[in-house]
Amino acid sequence: MRNKSIEEINEKIVDGSVHVVTADKMSEIVSELGVEEAAKEVDVVTTGTFGPMCSSGVFINFGHADPPIKMKRVWLNDVEAYTGIAAVDAYLGATQPSEDKGAEYGGGYVIEDLVAGKPIEMKAIGYGTDCYPRKEIGTTITLEDLNQAMMLNPRNSSQRYVVATNSTDRTLYTYMGTLLPNYRNANYCGAGALSPLFNDPDFETIGVGTRIFLSGAGGYVIGEGTQHNPVNSFGTLMVAGNLKEMSAEFLKGATFYGYGVTLYVGIGIPIPVLNEGIARKTGISDGDIVTEVLDYGVSRRDRPVLRRVTYEELKSGLIEIEGKEVPTSPLSSFYMASKIAAELKRGLEAGKFLLSLPVERLPTDTVFKPMKQTKELPLVKDVMTREVKTISERASIGDAAKLIMETQITHIPVISKESKLVGIVTAWDISTAVAKRHEDLAEIMTRKVMTADPEEPLELVIRKLEKYNISALPVIDKDRKVIGMITSDEISKLIGKRGKWQWRLRI
Amino acid sequence: MKLLLRRFSSRLHETPYTAEVILETGAKINIDRANVDAVRADLIIDVPEDKVERVAALFREKGVEVRKLVKLIAWDETRCVHCGACISVCPTGVFKFDPSWNISVEEEKCVRCEVCVKACPLGALACVE
């Protein structure tokens, strides 16, 4: 087949003869007609995605006040925007929480309210200089009153996302939504076969300068997104578009409980079917797209991978994890993603949306590096007490009381015959036991014990101690044998020697 | 029909009032949810339609406040973007996707555990009394 050019396709868009299909239909066409026929038949494939995209925000220019002000800090409906640029320029980020309402309201909501035409309360404080003498201002503005409101999102339209689940016995509230205990649910994100970057995985047509649909307006890809990692199918895009032309239907402020504020953004990218290779790639279906299920119960950067899974399996509503049937939920909207792909299709068919050739290709060989950490991070094993007094579960309360008195240790791990941790007993438990006339230790010990791992960073243990309001944790090995204790007293001592760790604890 | 039962009198908890109502009416009552604290006890029960009036009257006689729950979960369709975050957290399967990936809500299955209220990123779900 002869390859098509973008100019030829644009001519067809102008004269109304262009053949456009949405990406989900393209997989059917390719499997029915084959790649060669599909490439001849179809000129453009439209993709779409609509999901929470935290790395989003808007550059705003307010115009000058009289007398003029150089803003030191500025708030829109009590949400702070970044002013470390020129006098009345600011960047309002999607995840910035409101000063008075916390995560119930924030940057994402202000952006939605601006687009919906709602009045926004603005207040700012200034430096007070010879050229910008004013030190304070308060006013009410709408989107119309702003000189520019340019949406510029450093990372949008991620190629894929991981699937999140939770092995622990506590509910976790994460940026991947509510994760119920013991693998009770699994949440995923992304538009599957409709996803823009999965339809052009080698960045042949999506590059710098590609015209896109951005939340109801025409926008552009302006470069690789932050954390762009095409080598591992985690490509991302940096995009820009005029907020004044956008629609509130495709921009929604949102809150992930316990995590914070974000913004749902809608992106649609047309992919010109220039050759058979592109036809084949746009023929991708949900069953071809594989991602990983990770255990968010592990609070580390590298979370354990529990299994690999396709979007087809995820979209069925149930997947198997560790032998359990687990219900799945998407966090992005397939309904809205299809709507965007369809709207872009209509725009192309009506001659309102022309394709652009990228002026530069995006890198296809970059990877996402972890943060370089130069300060040493203390681990549990560095600070735990290794001499631990334990007590048998068959001991009496009197034995426990004696041990506590002799050792002055207030938390005693209780162990089984096989020396495995089965509970913990505290001085408080003993007093209660005496008052209530209990005799056996097994009756009064706490069986659900929070524990620490020797290789765990101390920072995570401090979070556990604070969150559950406890003052000591047994440190156990893989066989549940107690190998140490970590207490808030030791952590306090460590803070005293801050210089040694060059590290600040927030207690 | 779901009923919200609320009792304040701590003396009442010494009498098996729920059992008494069941025995007296023969109604097959399902207890969806129970919250008991120092001040009050809230129960949500599911009662067969034909016995609702009789069951409600008997509970009232025994000193329990009874309210019919007409709205179990309020879903703001204009705010909803049909993402589906509510689906996997719901213990009783109230939320489902229809074939075009729109959310459909089977309200009568709701037990008002309110997990979905926190899980909805758009704030489109609420438990109202």
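The values are calculated or read from the model by the stated rules, or taken from the named source; none is laboratory data. Bear in mind the structure is a predicted one, so any value in this text is a computation, not a measurement. As a convention, Cβ positions derive from the backbone with ideal geometry for all residues, glycine included, and neighbour counts pool all protein chains shown.
Okay, here's what the table says:
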{"read-out": "Hey, A:V79 without any contact (Cβ under 8 Å) to a residue 40 or more places away in the chain and among the β-branched types (V, I, T) or not", "value": "yes"}
{"read-out": "Subset of the stretch A:33-91 that is closer than 20 Å to A:M151 by Cα and among the polar types (S, T, N, Q) - its residue that is nearest to the other protein chains (Cβ to nearest Cβ)", "value": "A:T49"}
{"read-out": "Candidate set from the stretch A:184-218 (those that are within 11 Å of another protein chain (Cβ to nearest Cβ) and modelled with pLDDT of 95 or more); member that is farthest from A:P230 (Cα to Cα)", "value": "A:R184"}
{"read-out": "Test set (1) touching a helix residue (DSSP H, G or I) at 6+ places or on another chain (Cβ under 7 Å); (2) without any contact (Cβ under 8 Å) to a residue 60 or more places away in the chain; (3) not aliphatic (A, V, I, L, M) - A:E245 fails condition number", "value": "(1)"}
{"read-out": "Check on A:T410, surrounded by 13 or more Cβ atoms within 10 Å (Cβ to Cβ) and in contact with a helix residue (DSSP H, G or I) (Cβ under 8 Å, 6 or more places away or on another chain)", "value": "yes"}
{"read-out": "The stretch A:392-418, residues that are under 16 Å from A:R447 (Cα atoms), hydrophobic (A, V, I, L, M, F, W, C) and either modelled with pLDDT of 90 or more or assigned to a loop (DSSP other than H, G, I, E, B) (or both)", "value": "A:A395, A:I412, A:V414, A:I415"}
{"read-out": "Residue satisfying all of: in the stretch A:89-126; part of a helix (DSSP H, G or I) and of a type in the set (A, V, I, L, M); surrounded by the most Cβ atoms within 10 Å (Cβ to Cβ) among these", "value": "A:I111"}
{"read-out": "Yes/no for A:R170 being modelled with pLDDT under 95 and charged (D, E, K, R)", "value": "yes"}
{"read-out": "Some residue of the stretch A:22-40 being under 25 Å from A:G241 (Cα atoms) and in contact (Cβ under 8 Å) with a residue 12 or more places away in the chain", "value": "yes"}
{"read-out": "Of all residues in the stretch A:132-158 being of a type in the set (S, T, N, Q) and buried (at least 19 other Cβ atoms within 10 Å of the Cβ), the one that is farthest from A:E245 (Cα to Cα)", "value": "A:S158"}
{"read-out": "Some residue of the stretch A:112-120 being closer than 30 Å to A:H228 by Cβ and either assigned by TED's automatic domain parsing to the domain that holds A:E245 or among the aliphatic types (A, V, I, L, M) (or both)", "value": "yes"}
{"read-out": "Counted residues, the stretch B:111-129 - those being touching a strand residue (DSSP E or B) at 6+ places or on another chain (Cβ under 8 Å), more than 9 Å from chain A (Cβ to nearest Cβ) and assigned to a loop (DSSP other than H, G, I, E, B)", "value": "7"}
{"read-out": "Residue satisfying condition, being over 28 Å from A:A254 (Cα atoms) and among the aliphatic types (A, V, I, L, M), within set A:I321, A:I340", "value": "A:I321"}
{"read-out": "Selected residue [more than 30 Å from A:V425 (Cα to Cα) and modelled with pLDDT under 90] from A:F368, A:F353", "value": "A:F368"}
{"read-out": "The listed residue being part of a strand (DSSP E or B) and not basic (K, R), out of A:E80, A:E28, A:E36, A:E32", "value": "A:E80"}
{"read-out": "Flag for A:P68 being under 24 Å from the mean Cα position of the chain (by Cα), more than 30 Å from A:L355 (Cβ to Cβ) and surrounded by 15 or more Cβ atoms within 10 Å (Cβ to Cβ)", "value": "no"}
{"read-out": "Helices (runs of 4 or more DSSP H) within the stretch B:3-102 that include 1 or more residues over 18 Å from the mean Cα position of the chain (by Cα), among the aliphatic types (A, V, I, L, M) and within 14 Å of another protein chain (Cβ to nearest Cβ)", "value": "B:85-89"}
{"read-out": "Some residue of the stretch A:47-62 being touching a residue at least 40 places away in the same chain (Cβ under 8 Å) and more than 34 Å from the chain's Cα centre (by Cα)", "value": "no"}
{"read-out": "Options A:V221, A:V231; residue that is part of a helix (DSSP H, G or I) and away from chain B (no Cβ under 14 Å)", "value": "A:V231"}
{"read-out": "Leading residue by the ranking (nearest to B:C90 (Cα to Cα)) among those in the stretch B:14-54 that are modelled with pLDDT of 90 or more and of a type in the set (K, R)", "value": "B:K28"}
{"read-out": "Flag if A:R300 is surrounded by fewer than 17 Cβ atoms within 10 Å (Cβ to Cβ), in the same structural domain as A:M238 (by TED's automatic domain parsing) and charged (D, E, K, R)", "value": "no"}
{"read-out": "Some residue of the stretch B:86-98 being within 18 Å of A:S338 (Cα to Cα), touching a His at 6+ places or on another chain (Cβ under 7 Å) and modelled with pLDDT of 95 or more", "value": "no"}
{"read-out": "Output for the stretch A:1-25, where each listed residue is farther than 30 Å from B:A85 by Cβ and in a strand (DSSP E or B)", "value": "A:V20"}
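Here is a yes/no grid of residues against (1) within 28 Å of A:A38 (Cα to Cα); (2) crowded, with 24+ Cβ neighbours inside 10 Å:
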position: A:P230; (1), (2): yes, no
position: A:V239; (1), (2): no, yes
position: A:M246; (1), (2): no, yes
position: A:A254; (1), (2): no, yes
position: A:V273; (1), (2): yes, yes
position: A:G277; (1), (2): yes, no
position: A:R280; (1), (2): yes, no
position: A:S285; (1), (2): yes, no
position: A:T291; (1), (2): yes, no
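One line per residue, one yes/no per condition, for (1) within 27 Å of A:S27 (Cβ to Cβ); (2) more than 20 Å from the chain's Cα centre (by Cα):
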{"residue": "A:V221", "(1), (2)": "yes, yes"}
{"residue": "A:F234", "(1), (2)": "yes, no"}
{"residue": "A:E245", "(1), (2)": "no, yes"}
{"residue": "A:K252", "(1), (2)": "no, no"}
{"residue": "A:I267", "(1), (2)": "yes, no"}
{"residue": "A:A279", "(1), (2)": "yes, yes"}
{"residue": "A:G283", "(1), (2)": "yes, yes"}
{"residue": "A:S316", "(1), (2)": "yes, yes"}
{"residue": "A:I319", "(1), (2)": "yes, yes"}
